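The values are calculated or read from the model by the stated rules, or taken from the named source; none is laboratory data. Just so it is clear, the structure is predicted and the values come from calculations on it, not from any experiment. Virtual Cβ from ideal backbone geometry, glycine too; neighbours counted across all protein chains shown. Just so you know, the surface numbers come from the protein's heavy atoms only, side chains and all, with ligands and any DNA or RNA stripped out. Shrake-Rupley method; radii C 1.70, N 1.55, O 1.52, S 1.80 Å.
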Amino acid sequence: MKKERTDLQHLFSIPVIVAALGYFVDIYDLLLFGIVRLESLTDLGLSEEELSATGASILNWQMTGLLLGGILWGIVGDKKGRLSVLFGSILTYSLANIACGFVQDPTTYKILRFVAGIGLAGELGAGITLVSEILPKRLRAIGTSLVAGIGLFGAVVGYFTVKLFAWRHAYFIGGGMGFLLLLLRLGVFESGMFKNIQTEKHVEKGNFFAFFTSKRRFFLYLRCIALGLPTWFVIGILATFSNEFGKALGIQEALKPGLAIMWCYVGLAIGDLSSGFISHALHSRKKAVAYMMLFTLVGCALYLFAGISTATGMYALCFWMGLGIGYWAMFVTIGAEQFGTNLRATAATTIPNMVRGMVVLMTTLFGLAKPSLGVLLAGAVVGLLCFAAGFYSTLTIPETHNRDLDFLEE
């Protein structure tokens, strides 16, 4: 009984709660453009023909910001501390989101989503790193799953916020929540593992290029990235462009991408909450990810080729695929656990943002393949590449369940 009470005290400590709320705001702001894409671009005067190309372009700018921001905040996290990232990143994306509420043209929209992407890049990696380092190793998987599972409901709140308020006001609300979160962050303490090496000048910290100077680290880093590719294939292609897939399947009712994303994230939140307990029960990160990835693959095949004839059926499959990609928190945790304390924040922050940045290549390939293959086969080609890389990495990456994280990269 005493052990259970102690475990609950660890899992619901201030750093875990604040990390979860931080990720909640992060996901709200990250997905807000996808939810308001059609409404906001139509309001800016774009024609129906321009919506897809311009929307994809703005999404790519945001994802490129995430890619670059992941490198920036990862280095800051290992050099200056995990809390520096949690404060700096949320300030950046909160200001950018408020500015998005005043946007009047697509070019400014692209620039602001790029800046927001830079800010959004730091939240998850720093939060997962902090929680992984302060929790006992037996609770790491459950703790990080709680952070991601609770945080991912930000997508649901984002969808209903847009239903209740104009899209510009939804951006203002996101920025406001960010500033409120900054006040909560004042009570969070720094990771003890980081503080132990903070003053050791001989230890090289936050060197992003260290991933490329060692063959072992380089291929391990690539496998960590490939592990997450199916997650953003589902979100960035199948859910975001669900209106196009619906038309290709001959569904009469127009699918709403915002609603597809919302159902996908409801499933993702439940899946993330479950993934830590699955890993804990199996005593394996790899097995948990492999089973959930296979579940996702089945959902994707049904989405593309089962001949779904109703919008409700498509939304149900978005929920299914969301459950499957609920290994997202486990994937980020695996990335954090693979590398030493002096490189951990850089790994945990850059790896998920490299995956998000790969959406640029996914949407580009999807767009190039559509004219010759059609929407459904173009989506299948992109998905096949993502799942092939994901399964290969799951099979070959080192197991990190129960690994002691108090070590350094030489």
| request: Sort out for me the Cα centre separation of the range 355-396 from the range 48-91, rounded to whole Å. | output: 21 Å
| Among the listed pairs K79/K287; K256/K287; K163/K247, which are separated by more than 28 Å between their Cα atoms? | K79/K287; K256/K287
| task | Quick one: net charge around K370, please, counting Lys, Arg +1 and Asp, Glu -1 for every other residue with C-beta under 15 Å from its C-beta. | result | -1
| What are the chymotrypsin sites (Phe, Trp or Tyr not before Pro) within the range 87-190 that DSSP puts in a loop, where the Cβ has at most 13 other Cβ atoms within 10 Å? | F102, F165, F189
| note | Given 37 °C, 0.692 mPa s and a Kirkwood radius over Cα pairs, the Stokes-Einstein diffusion coefficient of the chain in µm²/s is 157 µm²/s
| request: Using only Cα atoms, find the angle between the long axis of helix 359-396 and the longest principal axis of the chain, and express it within 0 to 90 degrees, rounded to the nearest 10. | output: 20 degrees
| field | Convex hull of the range 51-159 built on C-alpha atoms - directionally averaged projected area, nm² | value | 7.6 nm²
| query | Kirkwood-based Rg over Rh for the range 304-357 (C-alpha set), two decimals? | reply | 1.24
| task | Within the set of other residues whose C-beta is less than 10 Å from the C-beta of A311, count the net charge using Lys and Arg as +1 and Asp and Glu as -1. | result | 0
| note | Residue-normalised value, i.e. accessible area per residue, for the range 209-342 at 1.4 Å probe, in Å², stands at 33 Å²
| field | Long-range tail of P(r) for the range 110-180 (Cα pairs > 21 Å, %) | value | 41 percent
| Hey, what D do you get for the range 205-312 in µm²/s if you plug the Kirkwood alpha-carbon radius into Stokes-Einstein at 20 °C and 1.002 mPa s? | 132 µm²/s
| How big is the convex hull of the Cα atoms of the range 266-410, per residue, in Å³? | 118 Å³
| note | Here Rg/Rh (Cα, Kirkwood) for the range 274-320 equals 1.14
| note | Note on the chain: contact order normalised by length, alpha-carbon pairs under 8 Å, 6 or more apart, percent, works out to 25 percent
| request: Take the Cα pairs of the range 271-350, get the Kirkwood Rh, then feed it into Stokes-Einstein at 4 °C and 1.567 mPa s and tell me D in µm²/s. | output: 94 µm²/s
| field | Principal-axis tilt of helix 215-227 within the chain, Cα atoms, nearest 10 degrees | value | 40 degrees
| query | Taking only DSSP H segments of four or more residues, each worth -39500 (n - 2.57), what value at 222 nm results for the chain once the sum is divided by all its residues, to the nearest 500 deg cm²/dmol? | reply | -26000 deg cm²/dmol
| Cα Rg, Dmax (largest Cα-Cα span) when computed across the range 334-410, Å | 16.8, 52
| When the accessible area of the range 38-95 is computed with all protein chains present and a 1.4 Å probe, what percentage of it is carbon and sulfur? | 65 percent
